[in-house]
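Structure record follows, encoded as structure tokens.
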Amino acid sequence: MSAVSDAEIRDEDLVDQWHTVTSGVKWAERRVAKVLEDFGVSAQSFAVLHSLLRAEDHRSPMSVLAREVSMTSGGFTKLADRMAREGLIDRRGSADDRRVVHSMLTSEGLALAQAATRLYQDALRECLLGVISPVDLVSAAATMRALGADRGQVDDPSELVATERNAALPDRRAQSRSRE
């Protein structure tokens, strides 16, 4: 690729560069997720464990956690149910507001969150810092933060779901139910 100035980039180079960025991120995510899975923790469970590890008193409302891990409330409830059955989190209603349910790390969940976080950090160091310098990583993170800030970043995954079906599209909902 030719040198690029701040003022211009060819359309085909723009697509190629963006593909390179997203491919690198996906590769790193898969590699780190595999390390977690080999340890016995799914990427989604780790996201919850890590969020609770960082939360005050290792406790957070379920709606906040769902948003932080980019899951719908229904999908997150299923994950939280599974984590509660595994003894990793405890769910309790709020004394102040009966509509709010909090999740909190159990002692077993806390130990797993700490161990998985150390493993995650080690995997990131191995995966990233052999390729990119710490200075460049911080710069890339700042760039991605700017990309998401005030540019329509979706905080609620349900915002991504269409609320009305486009009548011009074929309705395959009934077909998938009949095959089940």
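The values are calculated or read from the model by the stated rules, or taken from the named source; none is laboratory data. The model shown is predicted, which means the values in this text are computed figures rather than measured ones. Note that we place each Cβ from the backbone using ideal geometry, even for glycine, and neighbour counts take in every protein chain shown. All accessible areas refer to the heavy atoms of the entire protein, side chains included, with ligands and DNA or RNA removed. Shrake-Rupley method; radii C 1.70, N 1.55, O 1.52, S 1.80 Å.
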Of the GluC sites (Glu not before Pro) in the range 6-65, those whose Cβ has at most 12 other Cβ within 10 Å and which sit in DSSP loop:
Glu8
Give me the number: length gained by fully extending Ser107 to Arg92, i.e. 0.36 nm times residue separation minus the C-alpha to C-alpha distance, one decimal in nm.
3.8 nm
What net charge is computed for the residues neighbouring Leu137, neighbours being all others with C-beta under 13 Å from the C-beta of Leu137, Lys and Arg scored +1, Asp and Glu -1?
+1
Could you do me a favour and compute the accessible area per residue for the range 1-143, 1.4 Å probe, result in Å²?
67 Å²
Loop-resident trypsin sites (Lys or Arg not before Pro) in the range 12-111 with no more than 11 other Cβ atoms inside 10 Å, DSSP not H/G/I/E/B, are Arg98, Arg99
